[in-house]
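First the structure, in the form of structure tokens, and then the observations on it.
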């Protein structure tokens, strides 16, 4: 693998996804009573697929590997499209947003473990120190600077779903580092994402079919739900996934994982903006700790 690099453009690529994913968490909570989690994920990625088809025409060309390398893209689609957000939306049905964010903050740890156990990538002391510092910054946000609030948290089944989601995302990110794609497909972000989403929608449809079979599904259609679906399809899905894929290929999954811990911070700031809650000193402290974790790990 190439030596990871953290240039300004790479930092931008890895910062855009947490901002959009923070919005995704807020929207996911707002519409959870209007549409079931698996159905929400399927509608989201079906819209994204329709948008990507004209943008990623290179995926349909001869030699793209979309069909001949179908096993790889089917697994990428399962992990990054079919499972991660389905499990996140499912977790929000029974777990509090603060618990879901807390569990998701373990991504750097899972990323290091998956890389070491399954891809033979050594874990260095600086990466461990960076992970501890970054996760500590997330905890500062989640407990609002009050240790007592953190100790009062209780885990439920939704938190287990989120653990599975973070593990799936870790494998997905490491698979992105494997140079097994046709050069033309790898160079075209829309085509590369289109192939993954195409297979991912099939997985999402299977999960949604199971949801429909187990319970009666009713969608509370409204203009606000339509706007929410467009946002989660265009922003957290297409734009965020495209930026994440490019950023991880440059810096590596271990470095990229630390940027995910900016998500709860951005979630808190977006909540402040939309709910009229002023930022606090602990937001500044948490941001410094998370960025410090990134800097320590990237050295």
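Every number here is computed from the coordinates shown, using simple stated rules; none is lab data. Remember, predicted model here, so these are calculated numbers, not experimental data. No Cβ is skipped: glycine too gets one built from the backbone with ideal geometry, and neighbour counts run over all protein chains shown.
Here are the numbers for this structure:
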{"quantity": "Cα gyration tensor category, rounded, prolate or oblate, for segment 1-91 with a/c compared to 1.5", "calculated": "oblate"}
{"quantity": "Cα gyration tensor shape of the chain, rounded if a/c is under 1.5, else prolate or oblate by comparing a/b with b/c", "calculated": "oblate"}
{"quantity": "Segment residue 46-residue 222, length gained on full extension (0.36 nm per residue, minus Cα span)", "calculated": "61.5 nm"}
{"quantity": "Estimated FRET transfer efficiency (residue 156, residue 33; beta-carbon r; R0 22 Å; 0.05)", "calculated": "0.75"}
{"quantity": "Residue 288-residue 212 pseudo-label distance in nm [points 7 Å out on the Cα-to-Cβ vector]", "calculated": "5.4 nm"}
{"quantity": "Contour minus Cα-Cα distance for residue 186 and residue 146 (0.36 nm per residue)", "calculated": "9.8 nm"}
{"quantity": "Segment 120-235 shape via C-alpha gyration tensor axes, a/c threshold 1.5", "calculated": "oblate"}
{"quantity": "Gain in span if fully extended, residue 12 to residue 230, counting 0.36 nm per residue against the direct Cα distance", "calculated": "76.2 nm"}
{"quantity": "Efficiency of FRET between residue 202 and residue 129 - r from beta-carbon atoms, R0 41 angstrom, step 0.05", "calculated": "0.50"}
{"quantity": "Modelled FRET efficiency - R0 22 Å, residue 62 with residue 179, Cβ distances, 0.05 increments", "calculated": "0.60"}
{"quantity": "For 45, 21, order by how many other beta-carbon atoms lie within 10 Å, fewest first", "calculated": "21, 45"}
